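The values are calculated or read from the model by the stated rules, or taken from the named source; none is laboratory data. Bear in mind that the values here come from a model prediction, so they are computed numbers and not experimental data. Methodologically, a virtual Cβ is constructed for each residue, glycine included, from the backbone with ideal geometry; neighbour enumeration extends over all protein chains shown. To get the accessible areas, we keep the full protein, side chains included, count just its heavy atoms, and leave off ligands, DNA and RNA. Shrake-Rupley method; radii C 1.70, N 1.55, O 1.52, S 1.80 Å.
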Amino acid sequence: MIRIALLDDENDQREITAALLERYLSQHPELSAQVRSFQSGYELLDAVERGGFDLYLLDIVMPEQNGIEVGLAVRRLDSVGLIVYLTTSPDYAVDSYLTNAFHYLLKPVRWEQMVSVLDRAMDILARRQELGVMVR
């Protein structure tokens with residue numbers, strides 16, 4: 001099961017991104033995925049402390065904590081989850097490297113861009129699962 005976290009403080013943007021994810025996943029029935037949406041970085045970080053995600057889709061421009069700050073906190077808790085930033089501002093692209101971001105997309109995100117990024121992310125996650133070993 002692929003665990004996906006979606007963080008955006010704006011309801012409409014969160015719904016748009018969730019719809020893109022839902023469309024992608026419906027076109028890839030071989031993928032078993034769970035998507036959880038969060039409105040604040042604090043909510044997301046609480047969830048990460050209880051168990052990380054495989055993929056993080058993070059908005060950047062938010063009140064209280066911006067997405068870069070959230071990404072840095074995620075990295076302290078989860079060093080392997082893939083982080084994709086979705087934002088209206090290109091101003092944070094360089095800062096996203098501090099979190100070892102997988103990708104940086106500008107809103108409004110085009111379907112073709114989302115598919116390209118998700119295809120690459122799913123390939124990486126599938127290879128990780130193949131290489132994984134369970135130890136009891």
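At a 1.4 Å probe radius, carbon and sulfur cover how many percent of the accessible area of the chain? Don't jump to the answer; show the numbers that get you there.
Working: 3900 of 7770 Å².
On the chain, the fraction of accessible area on carbon and sulfur atoms equals 50 percent.
Tally Lys and Arg at +1 and Asp and Glu at -1 over the other residues with C-beta under 11 Å from the C-beta of G81: what net charge comes out?
Working: positive: R3, R75, R128; negative: D54, D78.
Around G81, the surrounding residues sum to +1.
Got the relative contact order for segment 1-92 handy, in percent, Cα pairs under 8 Å and 6 or more residues apart? Mind showing how you got there, number by number?
On the way: 134 pairs, mean separation 30.8, N = 92.
The value is 33 percent.
Counting alpha carbon pairs within less than 8 Å and at least 6 residues apart, what relative contact order, in whole percent, applies to segment 42-136?
Values: 96 pairs, mean separation 22.8, N = 95.
Relative contact order, segment 42-136: 24 percent.
Grab the other residues whose beta carbon is less than 11 angstrom from that of Q34, score K and R as +1, D and E as -1, and report the net. Walk me through the intermediate numbers first.
Values: positive: R3, R36; negative: D54.
Local net charge: +1.
Per residue of the chain, what 222 nm ellipticity follows from adding -39500 (n - 2.57) for every DSSP H run with n ≥ 4, rounded to the nearest 500? Could the numbers behind the result be given before it?
Working: 5 runs with 62 residues, N = 136.
Using -39500 (n - 2.57) per qualifying helix, the result is -14500 deg cm²/dmol.
Using alpha-carbon positions, what is the distance between the centroids of segment 20-74 and segment 92-134, in Å?
Cα centroid of segment 20-74 versus Cα centroid of segment 92-134: 12 Å apart.
Report the residue, chosen from G71, G51, G81, that carries the largest GNM mean-square fluctuation when the chain is represented by alpha-carbon nodes joined by springs under 10 Å.
G51
Taking the Cβ of D8 as the center, what net charge do the other residues with Cβ under 10 Å away carry, scoring Lys and Arg +1 and Asp and Glu -1?
Working: positive: R14, K107; negative: D9, E10, D12, E15, D59.
Result for the neighbourhood of D8: -3.
With each pseudo-label sitting 7 Å past Cα toward Cβ, what's the A93-L106 distance in nm, one decimal?
Modelled inter-label distance: 0.7 nm.
Can you work out the accessible area per residue across the chain, with the rest of the protein chains kept in place, probe 1.4 Å, in square angstrom? If you can, show how the numbers build up before the last one.
Working: 7770 Å² over 136 residues.
Per-residue value: 57 Å².
Rounded to the nearest 0.05, what FRET efficiency do R120 and E43 have when you use their Cβ-Cβ distance and R0 = 22 Å? Please list the in-between numbers first.
On the way: r = 27 Å, r/R0 = 1.23.
That gives a FRET efficiency of 0.20.
Kyte-Doolittle cut-off -0.5, length cut-off 20 Å along the helix's own axis using Cα: show which whole DSSP H helices in the chain pass. Provide the component values of the computation, followed by the final result.
Values: long enough: 11-26 (22 Å, -0.61); 111-131 (30 Å, -0.21).
The answer, listed by residue number, is 111-131.
Under the Karplus relation 6.51 cos²θ - 1.76 cosθ + 1.60, θ = phi - 60°, what is the ordered set of whole-Hz ³J(HN,Hα) values for segment 94-107, x standing for Gly and Pro?
5, 4, 4, 5, 4, 9, 6, 4, 7, 7, 9, 10, 8, 7
Grab the Cα-Cα distance for E30 and S79, subtract it from 0.36 nm times how many residues apart they are, and report the gain in nm with one decimal.
Values: separation 49, 0.36 × 49 = 17.64 nm, distance 2.62 nm.
Once the chain is fully extended between E30 and S79, it gains 15.0 nm.
Using a/c under 1.5 as the rounded threshold, could you call segment 51-136 rounded, prolate or oblate? The axes a ≥ b ≥ c are square roots of the C-alpha gyration tensor eigenvalues, and prolate needs a/b larger than b/c, oblate otherwise. Mind dumping the intermediate values first?
Working: a/c = 2.64, a/b = 1.39, b/c = 1.90.
The shape class here is oblate.
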